[in-house]
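Below: one structure, written as structure tokens.
The values are calculated or read from the model by the stated rules, or taken from the named source; none is laboratory data. What you see is a predicted model, and the numbers here were worked out from it, not measured in a lab. Here the Cβ positions follow ideal geometry from the backbone for every residue, glycine too, while neighbour counts run over all protein chains shown.
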């Protein structure tokens, strides 16, 4: 084993690209696999090496990190016929950072333990900005031993690392976070639309309220993007719909009814059905305007729509 852990990385999307870059820049030998190799080219140019599939990647490293799209993707790269668990050696660590199912995280940990491998579920929050600036919050579920081993790596990607419990508990903590975000996104987007329709100078209004009790990270980042008509994803609608579905699945397991979560899920699913899955979650403002027969364009005019 080299002085630093040999790290495998799967997934170089909106967040994964920056996260893997921080690990590489911290001096860890990094091997990458992603379904679209071109998305890894910048990291390969900086010294990372390429693996043709998850199994061969796992054979070359001490710990594998993954951040992919959906639970089915996690299952494939971890437990599939050509997955990481088929290649990683006993004593290795699997660390999935995708927002996924707590039940799947428990299953991966169970299967990994059969072959002497540790498993952590470590979803993150902070969006594209948090990933770029290494200020993510990382929720950790799994063994204390594996957490202690990987903590120095978490610290090059994130600002707040929170051990939450055993297998699946990192995912549970992240889903609770997503429920909070669902409510904050609604309050941000509805308030922007109200201010615009009321004829207020929305940009100036935002500056006034963002520093008070009504302010939030969502208002200061995604709210400002919405004002500019910038719908590029800090977080995709399609992935948020996935997360809200996972939240509702856990609620059913707990016999828990959360009306606000249900409303958010329905509206975002409507936007997804209309073809807006690749927009950022701040597109909710425009979606709500359309539901009211209006448009949202405060950058063009301070007059009511």
Options 227, 284, 272, 261; residue that is surrounded by 15 or more Cβ atoms within 10 Å (Cβ to Cβ), closer than 20 Å to residue 200 by Cα, in contact with a helix residue (DSSP H, G or I) (Cβ under 7 Å, 6 or more places away or on another chain) and modelled with pLDDT of 95 or more: 284
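This table checks each residue for (1) farther than 20 Å from residue 123 by Cβ; (2) surrounded by fewer than 21 Cβ atoms within 10 Å (Cβ to Cβ).
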| residue | (1), (2) |
| --- | --- |
| 45 | yes, yes |
| 53 | yes, yes |
| 58 | yes, no |
| 66 | no, no |
| 83 | no, no |
| 90 | yes, yes |
Every residue from the stretch 128-147 that is at positive phi and surrounded by fewer than 22 Cβ atoms within 10 Å (Cβ to Cβ): 134
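Identify, please: which residue in the stretch 103-127 is modelled with pLDDT of 95 or more and within 15 Å of the chain's Cα centre (by Cα) and is, among those, surrounded by the most Cβ atoms within 10 Å (Cβ to Cβ)?
Ranking the qualifying residues of the stretch 103-127, first place goes to 121.
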